[in-house]
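Below you'll find the structure, written out as structure tokens, and then a few comments.
The values are calculated or read from the model by the stated rules, or taken from the named source; none is laboratory data. If you're wondering where the values come from, they're calculated on a predicted model, not measured in any experiment. Here the Cβ is made from the backbone with ideal geometry for all residues, glycine too, and neighbour counts use every protein chain on show.
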Amino acid sequence: MRTDLLTDTVDGLDEALAAVDAFDETLVGGLLRPQPAQAGGLAGLADAVAGSPLAGRVAEAAEKTAAGSAGEEHFVALAAARTALLGSVHDALLVRVEEAVGRPCAAEGAAPAGDGEHAVNLHAAARTWLCDLARAGWQGIDHELVGGAAPVVSAMLPDPALRRLATLLDGFAAELAASCPGATLERVPVRRWADLWTRAVLLTLPGAVTTSPTEEVTGRLLPLGVDVQEHATAVQAQVHAVFEPADGGTPRLVRASVSAPKPDTVVGAGLWQLLRPHMSLLAAVGEGRAVELDAMPVTADGDLVWDDTRARTGEPAEVFTTARVALPTASAAATAPLDRHPARIAVPVLLEGYTVEEDEDGTAFRVAGQRLAVDTDRAPAAGPLTAEVVASSVACLALLRWDAGEFLLQPLAVERTVRKKPVAVHAGAWAGGTTDKAGVRAEKAATDAVKVLRERAGRLLRK
């Protein structure tokens with residue numbers, strides 16, 4: 001891997017991010033009566049997209065907003081401009097990653113289809129609430145304003161077609177409610193809340209919630225690792241893998257995800273207990289086996305629509321063998337338009353021949369003279385892959401990500417030498433259960449916690 005390409009400057013990147021940051025700051029104080037500094041941020045956003053098809057609408061939106069007379073259509077235009085800028089950053093970084101790793105570029109997918117007439121009134125209600133948030137700003141939020149999302153979310157949740165937006169609004173409102181009143185906030189998560197607001201605004205538009213085209217694939221799935229994403233009320237395990245078609249076609253990078261609601265008291269190994277019943281793939285990952293797929297649906301974005309009835313556990317498949325043999329030739333899928341965001345970059349890579357550096361900034365790998373930061377905090381607590389294990393590694397299979405202005409590595413598995421023999425340690429080693437002593441203790445503690453919660457839930461339901 002050409003790590004020098006990952007540390008070189010990307011033309012126009014800083015300027016695009018500066019325009020996004022300036023706009024995000026306008027949302028802190030609110031857009032009801034913008035101050036001169038906020039007007040400057042709005043004008044900067046308009047200037048950044050002046051050469052695009054959005055130019056006219058965004059310029060008008062920036063002018064109206066700066067004058068304090070913006071309507072919903074103007075906030076939508078600003079959200080679209082911000083998304084377009086971050087999409088351009090995503091694309092530029094992904095091109096750099098593809099050059100660095102030397103793998104086939106993502107193929108352009110077919111345009112997804114959207115339902116333009118579904119639940120127009122609920123979309124309008126959500127958009128009105130989001131525009132009220134923008135006018136108030138993060139420093140102006142209170143429980144009454146934030147609580148306005150509750151009836152919209154309640155009306156959306158029963159409809160599967162609206163659940164994506166409903167879940168986003170619900171989580172966003174919960175974060176805001178936990179920070180009320182905004183006037184007392186010492187620190188505002190400026191980029192995060194602007195991301196959530198922007199995405200929610202665009203998802204309220206007709207046709208924005210798209211259905212990605214799917215096809216059915218048959219062949220062998222070779223897992224690479226598991227990325228666990230945890231929130232106070234939900235958890236998701238996303239398995240990154242290489243799919244080898246049965247007809248001998250080009251291997252593909254794919255993902256398979258399973259998620260579940262959870263109480264905030266279930267953490268660590270307890271997460272696997274919530275997830276295991278929903279996907280046999282987790283057991284295969286824990287056991288280090290391939291999975292034989294028969295007509296499994298996969299979207300144009302590379303996401304498997306998992307169905308246990310179409311999967312069968314196969315032969316043992318060692319992750320580092322997969323990474324050395326199959327990964328270099330695997331092609332990536334195209335990214336859906338609304339998913340084009342730097343935070344979405346997660347490219348599986350294999351690193352060998354590096355030296356480990358540890359200092360006050362954390363752990364890093366020195367590869368071909370270049371320093372790559374390693375984010376060991378992203379490894380799930382429900383697994384044996386710790387910072388100490390990563391620091392003693394000689395090979396690492398990781399997701400290459402971009403965060404806070406630099407590329408970094410999220411370890412999925414490492415290889416270390418124990419008694420002169422290579423030993424692999426996986427972040428998802430406990431996904432299907434474990435005989436590891438530490439894992440067994442964690443499982444027992446989690447089992448007791450989940451059992452108590454289920455008993456309490458059962459008593460409440462009986463009452």
Of those in region 268-308 that are of a type outside the set (A, V, I, L, M, F, W, C) and farther than 26 Å from LEU385 by Cα, the residue modelled with the lowest pLDDT is ASP301
query = Is at least one residue of region 85-105 more than 30 Å from ALA368 (Cβ to Cβ) and at pLDDT 95 or above?
reply = yes
The number of residues in region 311-344 that are among the aliphatic types (A, V, I, L, M) and closer than 30 Å to THR83 by Cβ is 7
Given (1) out of contact with any strand residue (DSSP E or B) (no Cβ under 7 Å at 6 or more places or on another chain); (2) in contact (Cβ under 8 Å) with a residue 60 or more places away in the chain; (3) surrounded by 18 or more Cβ atoms within 10 Å (Cβ to Cβ), MET1 misses just (1)
Q.
Looking for something of a type outside the set (A, V, I, L, M), part of a helix (DSSP H, G or I), modelled with pLDDT of 90 or more and assigned by TED's automatic domain parsing to the domain that holds THR26 - is there at least one such residue anywhere in region 152-166?
A. yes
Within region 379-396, restricting to residues that are in contact (Cβ under 8 Å) with a residue 40 or more places away in the chain and closer than 14 Å to ALA364 by Cα, the one that is surrounded by the fewest Cβ atoms within 10 Å (Cβ to Cβ) is VAL394
Counting only strands (runs of 3 or more DSSP E) wholly inside region 176-267, the ones holding at least 1 residues that are in contact with a helix residue (DSSP H, G or I) (Cβ under 7 Å, 6 or more places away or on another chain), assigned by TED's automatic domain parsing to the domain that holds CYS131 and loosely packed, with under 14 Cβ neighbours inside 10 Å are none
Scanning region 30-58 residue by residue, those in contact (Cβ under 8 Å) with a residue 60 or more places away in the chain and either among the hydroxyl-bearing types (Ser, Thr, Tyr) or crowded, with 20+ Cβ neighbours inside 10 Å (or both) turn out to be GLY30, LEU31
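Step by step: first the residues of region 366-389, then only those that are part of a strand (DSSP E or B) and of a type outside the set (D, E, K, R), then the one that is farthest from ARG441 (Cα to Cα). Which residue is that? Step through it out loud before you land on a result.
Pass one, region 366-389, residues part of a strand (DSSP E or B): 366-367, 370-374.
Retained after the next criterion (residues that are of a type outside the set (D, E, K, R)): 367, 370, 372-374.
Working: VAL367: 37, GLN370: 40, LEU372: 34, ALA373: 31, VAL374: 28 Å.
Step by step, filter region 366-389, then rank; the result is GLN370.
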Within region 1-41, residues farther than 23 Å from ARG187 by Cβ, aliphatic (A, V, I, L, M) and not in a helix (DSSP H, G or I) come out as MET1, VAL10
When (1) assigned to a strand (DSSP E or B); (2) within 23 Å of the chain's Cα centre (by Cα); (3) in contact (Cβ under 8 Å) with a residue 40 or more places away in the chain; (4) within 28 Å of THR7 (Cα to Cα) are applied to THR363, the one that fails is (3)
Checklist entry - Among the residues of region 273-287, is there at least one that is buried (at least 19 other Cβ atoms within 10 Å of the Cβ), of a type in the set (Val, Ile, Thr) and in a strand (DSSP E or B)? => result no
Sole miss for ARG163 among (1) surrounded by fewer than 22 Cβ atoms within 10 Å (Cβ to Cβ); (2) farther than 30 Å from GLY314 by Cα; (3) within 17 Å of the chain's Cα centre (by Cα) is condition (3)
Across (1) closer than 12 Å to PRO411 by Cα; (2) under 21 Å from the mean Cα position of the chain (by Cα), ALA381 clears everything bar (1)
